[in-house]
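In what follows, a single structure is set out as structure tokens and then discussed.
The values are calculated or read from the model by the stated rules, or taken from the named source; none is laboratory data. What you see is a predicted model; the values in this text were computed from it and never measured. Here the Cβ positions follow ideal geometry from the backbone for every residue, glycine too, while neighbour counts run over all protein chains shown.
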Amino acid sequence: METSAANQPILLVEDNPLDVDLTIRAFARRKLTNPIFIARNGEEAIQWIQKWEEGSEHPVVVLLDLKLPKISGLEVLAILKKHPKYYAIPVVVLTTSAENEDVKRAYELGANSYIVKPVDFDKFVDVAATIEIYWTVINHPSPSN
């Protein structure tokens, strides 16, 4: 049975509790129906691979901060994109860093998109709307996932 992208979870990899709350509130305002799973550091993000291997549903998209404790976001991105089974899961870097080197490195490692987090809540809601519409409605995920 094929699962609709609107029902697949979103994995939010974010260590800042305020940004986690902001993201959840922004998606709630948009009435997003996807469950949101949270990894609060890079190590927790990587542990999701084992959960997927054990049968947990993989996400329709991973929202990945770069500045993470334990394992950096760039390392998480590299691990996900090198994985033989889960490399096609879209990864959207959602971070405060607008550094050219971070942007360049993220795309070199296979990021599907790079978004600098807006500070203003209403602008963040607009970003959440764009993510929701594109990754859960418009985009057709790889059938291998």
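Which numbered condition trips up residue 19, out of (1) surrounded by 15 or more Cβ atoms within 10 Å (Cβ to Cβ); (2) out of contact with any helix residue (DSSP H, G or I) (no Cβ under 6 Å at 6 or more places or on another chain); (3) more than 22 Å from residue 120 (Cβ to Cβ); (4) not hydrophobic (A, V, I, L, M, F, W, C)?
The number of the failed condition is (3).
Take the residues in the range 71-94 that are surrounded by fewer than 19 Cβ atoms within 10 Å (Cβ to Cβ) and in contact with an Asp or Glu (Cβ under 9 Å, 6 or more places away or on another chain), then tell me which one is farthest from residue 37 (Cα to Cα).
Residue satisfying both the conditions and the ranking: 85.
Do you know which of the residues in the range 1-35 that are of a type in the set (Val, Ile, Thr) and assigned to a helix (DSSP H, G or I) is modelled with the highest pLDDT?
Across the range 1-35, the extreme among qualifying residues is 20.
Please state which one of 76, 62 is assigned to a strand (DSSP E or B), of a type in the set (A, V, I, L, M, F, W, C) and more than 17 Å from residue 18 (Cβ to Cβ).
62
Do any residues in the range 119-145 that are more than 19 Å from residue 64 (Cβ to Cβ) have Cβ atoms under 7 Å from those of residues that are at pLDDT 75 or above and of a type in the set (A, V, I, L, M), where the two are at least six apart or on different chains, and which pairs are they?
121/22; 125/26; 144/88
Quickly run through the range 88-137 and pick out the residues that are part of a loop (DSSP other than H, G, I, E, B), in contact with a Lys or Arg (Cβ under 6 Å, 6 or more places away or on another chain) and modelled with pLDDT under 95.
The one that is part of a loop (DSSP other than H, G, I, E, B), in contact with a Lys or Arg (Cβ under 6 Å, 6 or more places away or on another chain) and modelled with pLDDT under 95: 96.
Need the failing condition index for residue 68 against (1) crowded, with 19+ Cβ neighbours inside 10 Å; (2) outside any helix (DSSP H, G or I); (3) at pLDDT below 95, just the number.
Status for residue 68: all satisfied but (3).
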